[in-house]
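Asks: Got a structure for you, written out below as structure tokens; questions coming shortly.
The values are calculated or read from the model by the stated rules, or taken from the named source; none is laboratory data. On a predicted model such as this, the values are computed, not experimentally measured, just so you know. Here Cβ is always computed from backbone atoms with ideal geometry, including for glycine, and neighbour counts include all displayed protein chains.
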Amino acid sequence: MGFGFGVVGCGMISNFHAKAIADIEGAELKACFDMVEASAQRLASETGCRAYSDLDALLADEEVDVVTICTPSGAHMDPAVAAAKAGKHVIVEKPLEVTLARCDAIIDACQAAGVVLATIFPSRFHESSQQLKRAIEADRFGRLSLGDAYVKWFRTQEYYDSGAWRGTWKLDGGGALMNQAIHSVDLLYWLMGPVAEVSAHMATLAHERIEVEDVAAAALKFESGALGTIEATTAAFPGSLKRIEVRGVSGSAVIEEEDIVEWEFAETTAADDELKERMQGATETGGGAADPAAIGHHGHQMLFADVLKAIETGGSPLVDGREGRRSVEIILAIYEAAISGRRVSLPLEKDPQLT
């Protein structure tokens, strides 16, 4: 079965969607849309797809089966809901949306339409992440004690000045946490399990003309009883690969982007040394640490392929809408904790007031 894709929003990240689609057998980018007609024409000329200046026209295209949403974060809901109502399967760039209410509107629309919904978190598909998940499920760590995520990146002032939506609560949904670190927040939750409580601090220390944080630090208590931290910034020159640490009473593992840099267990296996050697130096890009475009598209490719499998089998993708919502909820709880100066329990009863 072949699948036709349509891309909504033709900014930088749409290039990675196009490359991922091109590398999947049986998938083809058929159409694209952007409110700025020149942006749609650019992507169309580079890929050979049709450019639309009207979203409804793209959604009426019978060759489009799956729509990927690449608009600014706080502008995901409207095109995603419209795509679902048009009977298209929906893949939404991270974050799913910037409030829980808007996330729920997307989830509900896709459920009502009977279409597959997925959120883009490519890091779950990297081999290092998969190896770590399998080790946890095999109980190699024993009782988990600590789970930490560090995203110490750098963004210039020009980065924030390059788009009026950047650094705003309404369209960016937040700063270093919601835009950059959300990949690691999702990965930490996926590995460690649900978060029960957070406390936090955040600040804007290095950038001007933005409403949101460029530095944040949070302490977490997981439902399992394990503790953890999340540190996120876009003010750490020159930028480092994102880092996930998982510690337990019987083992420790550390991932930097796609590299496994620590892999130690009380009970070793014959495969451990080979894995450590093979997975050191697995990262082939800058990981987005200093340049947002310095990422690969292979994670997107695997995620898209997973969505197509779900469509074919009637199953659910690894990162469906409800999974995509969880990282948004954790980040919103961190924001509420930082603004209020108190501990915040999860799940949240409602969206916090951030502005």
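Asks: Looking at region 170-179, can you tell me whether even one residue there is in contact (Cβ under 8 Å) with a residue 24 or more places away in the chain, of a type in the set (A, V, I, L, M, F, W, C), under 20 Å from L100 (Cα atoms) and in contact with a Gly (Cβ under 9 Å, 6 or more places away or on another chain)? Let's see the steps before the verdict.
Replies: Applying the first criterion (in contact (Cβ under 8 Å) with a residue 24 or more places away in the chain) to region 170-179 yields 170-179.
Then drop every residue that is not of a type in the set (A, V, I, L, M, F, W, C), which leaves 171, 176-178.
Applying the additional criterion that residues be under 20 Å from L100 (Cα atoms) yields 171, 176-178.
Remaining after also requiring in contact with a Gly (Cβ under 9 Å, 6 or more places away or on another chain): 171.
Within region 170-179, one or more residues are in contact (Cβ under 8 Å) with a residue 24 or more places away in the chain, of a type in the set (A, V, I, L, M, F, W, C), under 20 Å from L100 (Cα atoms) and in contact with a Gly (Cβ under 9 Å, 6 or more places away or on another chain).
Asks: Tell me which of these D272 doesn't satisfy, since it passes every other one: (1) part of a loop (DSSP other than H, G, I, E, B); (2) more than 20 Å from the chain's Cα centre (by Cα); (3) surrounded by 15 or more Cβ atoms within 10 Å (Cβ to Cβ); (4) not polar (S, T, N, Q).
Replies: Only one criterion is unmet by D272, namely (1).
Asks: Among strands (runs of 3 or more DSSP E) lying entirely in region 18-113, which contain 2 or more residues that are among the small types (G, A, S) and not assigned by TED's automatic domain parsing to the domain that holds G174?
Replies: On the way: elements: 27-33, 50-52, 66-69, 89-92.
Of the strands (runs of 3 or more DSSP E) lying wholly inside region 18-113, those with at least 2 residues that are among the small types (G, A, S) and not assigned by TED's automatic domain parsing to the domain that holds G174 span 27-33.
Asks: Any idea which of C49, C70 is surrounded by 20 or more Cβ atoms within 10 Å (Cβ to Cβ) and closer than 25 Å to L187 by Cβ?
Replies: On the way: C49 fails: closer than 25 Å to L187 by Cβ.
Matching residue, one of C49, C70: C70.
Asks: Determine which member of the set A135, A109 is closer than 25 Å to A31 by Cα and either modelled with pLDDT under 95 or surrounded by fewer than 24 Cβ atoms within 10 Å (Cβ to Cβ) (or both). Outline the logic, then answer.
Replies: Details: A135 fails: closer than 25 Å to A31 by Cα.
None of the other options fit; the residue is A109.
Asks: Among the residues of region 1-17, which ones are in contact with a Leu (Cβ under 9 Å, 6 or more places away or on another chain), modelled with pLDDT of 95 or more and in a loop (DSSP other than H, G, I, E, B)?
Replies: Within region 1-17, just C10 meets the criteria.
Asks: Which one of the conditions (1) modelled with pLDDT of 95 or more; (2) surrounded by 15 or more Cβ atoms within 10 Å (Cβ to Cβ); (3) of a type outside the set (D, E); (4) not in a loop (DSSP other than H, G, I, E, B) does K309 fail to meet, given that it meets all the rest?
Replies: Of everything listed in (1) modelled with pLDDT of 95 or more; (2) surrounded by 15 or more Cβ atoms within 10 Å (Cβ to Cβ); (3) of a type outside the set (D, E); (4) not in a loop (DSSP other than H, G, I, E, B), K309 misses just condition (2).
Asks: Given the condition in a strand (DSSP E or B) and over 22 Å from the mean Cα position of the chain (by Cα), answer yes or no: does some residue in region 215-230 qualify? Spell out the reasoning first.
Replies: Of the residues in region 215-230, the ones in a strand (DSSP E or B) are 215-222, 227-230.
Among the residues that remain, those that are also over 22 Å from the mean Cα position of the chain (by Cα) are: 227.
Within region 215-230 (the criterion being in a strand (DSSP E or B) and over 22 Å from the mean Cα position of the chain (by Cα)), the answer is yes, since at least one residue qualifies.
Asks: Report, by residue number, each residue of region 319-355 that is outside any helix (DSSP H, G or I), free of Cβ contacts under 8 Å to residues at least 40 places away in the same chain and more than 17 Å from V98 (Cβ to Cβ).
Replies: From region 319-355, those outside any helix (DSSP H, G or I) are 319-320, 341-355; that's our starting set.
Now drop any that are not free of Cβ contacts under 8 Å to residues at least 40 places away in the same chain, which leaves 341, 347, 349, 352-353.
G341, P347, E349, listed by residue number.
Asks: Here's something else I'd like to know. So, in region 275-298, how many residues would count as being under 22 Å from the mean Cα position of the chain (by Cα), part of a loop (DSSP other than H, G, I, E, B) and not aliphatic (A, V, I, L, M)?
Replies: 10
Asks: Hey, among S184, S129, S145, which residue is surrounded by fewer than 22 Cβ atoms within 10 Å (Cβ to Cβ), more than 23 Å from A80 (Cα to Cα) and in contact with a Lys or Arg (Cβ under 6 Å, 6 or more places away or on another chain)?
Replies: Values: S184 fails: surrounded by fewer than 22 Cβ atoms within 10 Å (Cβ to Cβ); S129 fails: in contact with a Lys or Arg (Cβ under 6 Å, 6 or more places away or on another chain).
On inspection, the qualifying residue turns out to be S145.
Asks: Take the residues of region 231-269 that are assigned to a loop (DSSP other than H, G, I, E, B) and among the hydrophobic types (A, V, I, L, M, F, W, C): which is surrounded by the fewest Cβ atoms within 10 Å (Cβ to Cβ)? If you could, list the steps in order and put the result at the bottom.
Replies: First, the residues of region 231-269 that are assigned to a loop (DSSP other than H, G, I, E, B): 234, 236-242, 249-250, 257-258, 266-269.
Imposing the further condition that a residue be among the hydrophobic types (A, V, I, L, M, F, W, C) reduces the set to 236-237, 241, 249, 266.
Numbers: A236: 21, F237: 12, L241: 20, V249: 10, A266: 12.
This residue is V249.
Asks: Could you run through region 194-207 and say how many residues are out of contact with any Phe, Trp or Tyr (no Cβ under 8 Å at 6 or more places or on another chain) and part of a loop (DSSP other than H, G, I, E, B)?
Replies: As a first pass, look at region 194-207 and keep what is out of contact with any Phe, Trp or Tyr (no Cβ under 8 Å at 6 or more places or on another chain): 197-199, 201, 203-206.
This time we only want the ones that are part of a loop (DSSP other than H, G, I, E, B), so: 204-206.
Selection size over region 194-207: 3.
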